[in-house]
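Only one structure is covered here, and it is reproduced in the block below.
Readers should treat all values here as calculations from the given coordinates under stated rules, not as data from a laboratory. Remember, it's a predicted structure, so these values are computed and weren't measured experimentally. Note that we place each Cβ from the backbone using ideal geometry, even for glycine, and neighbour counts take in every protein chain shown.
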Amino acid sequence: MSAKVTVDTRKVERVLDDLVDKCVKEIGALLVDIADDVEAHAEDNWYKQVRRRTGKTGTALETELRTRGPDRLEAVVASTNKSSYMVHRPGPLSMRSRRATAEEYSQMMSQYRRTGTLPEGVSMGRRDADGQPILLRITTRNPLASDGKTLWSQLVIKDGKKLTSARAPEIGDAVQRAADSLRQR
């Protein structure tokens with residue numbers, strides 16, 4: 001008894017090429033979806049960590065799919081405004097200073113007249129002709145004080161790695177979807 005099998009290598013190559021093409025499309029779509037999640041996360045948290053809101057940096061993020069050589073595909077979150085890469089979070093010793101309101105000034109001057117000293121955290125700009133403090137400023141610790149690192153490295157790179165790692169198992173599902181679509185032909 002003998003068995004013969006005839007294999008059409010052109011058909012096998014064509015099916016494998018179709019499988020690779022579908023895998024690239026599925027994986028590419030998944031990578032863009034993951035990068036979009038990283039972009040959305042960065043945009044949502046960008047202005048929660050800095051006080052100055054120009055709108056030029058945190059909302060200028062975009063996702064693009066790039067090919068690197070014949071066998072490498074990557075989704076990248078980039079900024080259209082190069083200054084986004086340089087925005088820093090406030091440092092650990094960051095302080096905020098503001099001018100005292102009329103009511104606060106009145107209370108501080110009342111204490112100054114009684115004790116001869118200003119309350120803690122209050123500084124005077126100068127003295128008037130009578131020697132009384134004027135232009136009082138209240139200094140407090142910045143509630144946004146952090147590590148002083150750039151927002152880009154924190155929100156896009158560091159947090160992006162966490163978000164990508166959490167969704168990495170979905171790549172196997174993308175390959176399976178590509179194979180299933182071939183099976184349905």
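Computed values, structure above
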| quantity | calculated |
| --- | --- |
| Residue tally, condition aliphatic (A, V, I, L, M) and farther than 30 Å from M86 by Cα, over region 122-159 | 6 |
| Residues of region 143-185 classified as farther than 17 Å from I34 by Cβ, charged (D, E, K, R) and not in a loop (DSSP other than H, G, I, E, B), total | 2 |
| Complete set of residues in region 127-168 that are in contact (Cβ under 8 Å) with a residue 60 or more places away in the chain and hydroxyl-bearing (S, T, Y) | S146, T150, T164 |
